[in-house]
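All remarks here apply to the structure that follows.
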Amino acid sequence: MACRIKFSLRCPSSETPRFGSTCRLQNPSSPLLLNLTPSSSSSSNPKKISYSCTRRRSLVAVKSEMATEEKAASGNRMLVFVPPHPLIKHWVSVLRNEQTPCPIFRNAMAELGRLLMYEASRDWLPTVTGDIQSPMGVASVEFIDPREPILVVPILRAGLALAEHASSILPATKTYHLGLSRDEETLLPTVYLNKLPDKFPEGSRVFLVDPMLATGGTIVASLDLLKERGVNNKQIKLISSVAAPPALQKLSEKFPGLHVYTGIIDPTVNEKGFIVPGLGDAGDRSFGT
């Protein structure tokens, strides 16, 4: 059955986005639409994706629906943010280059993670207010509340690189490691390391960090583990370098209200489960293996 993901977008920029050859500009007055139609032929044939948009967007509201069904409340839609910052575009470009050596690749991943977490933490961090004495007088101030640390959950291995600078941008953090590997034949995930607590504190805010959102198996399994421990979709912000429609489709169907921050959305995933054009194996390239 044909499915579609509807992107409802807003941004002040007037520049029209550029898409690859599998994308086409449809109706300039309509929101960005990404239609996924499962291919009836071999799985090696990539799915064709059509976009329509009038501007580059910083906020992507993603709504997944079956062709015959409408989701009710817009507040329950999954939101995907692709910040239009030139530094984000720069680091994504460095990551894409197959000639980028391992140390520079890992540094680019860390810098991209820093920027995406900065964007994701806007209007989300707990704060405390008060008065302090400056050298010139009394000032009203606002600090990040250190009593409520942001919980950072990198998915090993590549998530370690993307989350490397979390503590440099967030004043108070706790890090919990989660390791999943993907079977190269079935593309199904297996948990090999789980350092999550049995229960997250009430009201926790969680950054789940996974560079590649490709087929969606690993990230769905990770989110299920978080939800089993007491956090809901709106308490989680997902940080990724590159995302693709199959993963976004699964996430939007299963996790309404989730917020995803990514450097770029690529059009396809190949038969081996790699994003195209993507940036290759993020774990191998980050750690030189």
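Report, by residue number, each residue of segment 233-270 that is more than 13 Å from the chain's Cα centre (by Cα) and closer than 24 Å to Arg114 by Cα.
Correct list: Asn233, Lys234, Gln235, Gly257.
Quick test for you: out of Arg229, Arg205, pick the one residue that is open to solvent by 10 Å² or more (accessible area, probe 1.4 Å), basic (Lys, Arg) and within 29 Å of His90 (Cβ to Cβ).
Arg205 is the lone residue from the list that is open to solvent by 10 Å² or more (accessible area, probe 1.4 Å), basic (Lys, Arg) and within 29 Å of His90 (Cβ to Cβ).
Looking only at segment 195-242, which residues are over 23 Å from Ile264 (Cα atoms), among the polar types (S, T, N, Q) and out of contact with any strand residue (DSSP E or B) (no Cβ under 6 Å at 6 or more places or on another chain)?
The one that is over 23 Å from Ile264 (Cα atoms), among the polar types (S, T, N, Q) and out of contact with any strand residue (DSSP E or B) (no Cβ under 6 Å at 6 or more places or on another chain): Asn232.
One line per residue, one yes/no per condition, for (1) farther than 27 Å from Gly278 by Cα; (2) at pLDDT below 95; (3) under 20 Å from the mean Cα position of the chain (by Cα):
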site	(1), (2), (3)
Ile169	no, yes, yes
Thr173	yes, yes, yes
Gly179	no, yes, yes
Arg182	no, yes, yes
Glu185	no, yes, no
Asp198	yes, yes, no
Gly203	yes, yes, no
Phe207	no, no, yes
Glu228	yes, yes, no
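How do the strands (runs of 3 or more DSSP E) wholly within segment 136-181 filter down when requiring 2 or more residues that are free of Cβ contacts under 8 Å to residues at least 60 places away in the same chain and open to solvent by 80 Å² or more (accessible area, probe 1.4 Å): which remain?
137-144
One line per residue, one yes/no per condition, for (1) modelled with pLDDT under 95; (2) farther than 23 Å from Val152 by Cβ:
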residue: Ser93; (1), (2): no, yes
residue: Glu98; (1), (2): yes, yes
residue: Pro103; (1), (2): yes, no
residue: Glu111; (1), (2): no, no
residue: Leu115; (1), (2): no, no
residue: Arg122; (1), (2): yes, no
residue: Pro126; (1), (2): yes, no
residue: Pro135; (1), (2): no, yes
residue: Ala139; (1), (2): no, yes
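The values are calculated or read from the model by the stated rules, or taken from the named source; none is laboratory data. Owing to the predicted nature of the structure, the values given are computational and were not obtained by experimental measurement. Note that each Cβ is placed from the backbone with ideal geometry, even for glycine, and that neighbours are counted across all protein chains shown. The area values use the complete protein model at the heavy-atom level, side chains included, leaving out ligands, DNA and RNA. Shrake-Rupley method; radii C 1.70, N 1.55, O 1.52, S 1.80 Å.
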